[in-house]
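Take a look at the structure below.
Computed from the coordinates by the stated procedures, all read-outs in this text should not be read as laboratory data. All figures in this text were calculated on a predicted structure; none of them were measured in a lab. Positions of Cβ are backbone-derived with ideal geometry, glycine not excepted, and every protein chain shown enters the neighbour counts.
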Ligand code: PSV
Ligand code: MN
């Protein structure tokens, strides 16, 4: 389904008067409003191809209908999101869930929707139909060299698909680990994994990055071979300058201080990017900002401060990979993604309100109360109008979710694709 600009313009016209009044007010309150709008317009976050259908859990899946049944339809769905918010200008593919049959056609289709290809993701956490050797006991860590080799070759294959599409990075997330004490020799598992990653790294094109994503647990419940940022950092620092640590917000043990992790990885020039989501307990699938928006703001605050001139070595880096990574059972996936992008933009805008100089002064004076006031003052500022204004200026919707609902986009997708079309993914 193709969404016409005129339909967005019509919706914006009806909302213009109220928006204008709110924006005038916000402009008076926020001295750097124009600068923030400029930064918001430039900000793009990639949509994962596997979040366009209903996720589900191991207990069940409750699809809502109209899911994209092919890679082409997935691109159309991301195109729809991008048309609505002008901030979702990239798609991240998971191989082999989304193998392009004709990379040229797929690239052309994506370009028609204004989309680029973000990181490509390998999958050695599932066995595929016809696969010779099983990943039941791990992939890159496996005690069996032939299994490691199969997993290495898969990753190299994924890089090739990425090259064909114009991607510039590979994300490696491993479910490798163990479920019971005694099952695994931790050191051997690490060494095997490092050796396997080195073989993959050696095939990376010159201008590519490798992101090593960590996760505290699941599907392994006793040990994970890339279980936290320390382990990921060990791998990426041993691998070399093209390897970076990827932070998936839901992959920490409860109450971990993610903003501190972000700050230190930036200090070392090893922060590669993000998978945005949120969690209450031990999950990684809730919508970013739905549970802990203050944490999201604090993370953005570290990102903004860490990329200020003078905070080398990060400024030498060529930008982060920003991506959403969530999927669940109970919301319309496209509505959920609109909410996710909105939450990210709001936190980003709020972090741009922080008076870095005043904050540093408060810190130097051990003025804890002042420091908290500065941060919470920014966090409690309503910046939603700035986010809407940034969309309005680029022809996107003042209120994307409202357009999605009032134009009955899901109903139209169901009419086009049927109630039983199921997207590939978990
Ligand atoms: C694993 O939980 C993860 O966060 C990895 O990024 C995977 O690629 C993705 O989710 C989909 O399973
Ligand atoms: Mn992830």
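Using C-alpha pairs under 8 Å with a sequence gap of at least 6, the mean separation divided by the residue count of the stretch 129-235 gives a relative contact order of 31 percent. Once Rh for the stretch 1-99 is found with the Kirkwood sum over Cα pairs, what is the Stokes-Einstein diffusion coefficient at 4 °C and 1.567 mPa s, in µm²/s? Rounded, D is 79 µm²/s. The stretch 83-148 and the stretch 185-211 have Cα centres spaced 18 Å apart. Find how many whole Å separate the alpha carbon centroid of the stretch 150-183 from the alpha carbon centroid of the stretch 247-293. First find each Cα centre; the distance between them is then 21 Å. For the stretch 130-192, averaging the sequence separation of C-alpha pairs within contact (under 8 Å, six or more residues apart) and dividing by the residue count gives a relative contact order of 40 percent.
Note on 197, 174: ascending count of other Cβ atoms within 10 Å places them as 197, 174, the fewest first. Pairwise Cα distances in the chain exceed 40 Å for 17 percent of all pairs. Computed over the stretch 44-355, relative contact order equals 18 percent, with contacts defined as Cα pairs under 8 Å that lie 6+ residues apart. The antiparallel fraction among DSSP beta bridges confined to the stretch 44-355 stands at about 15%.
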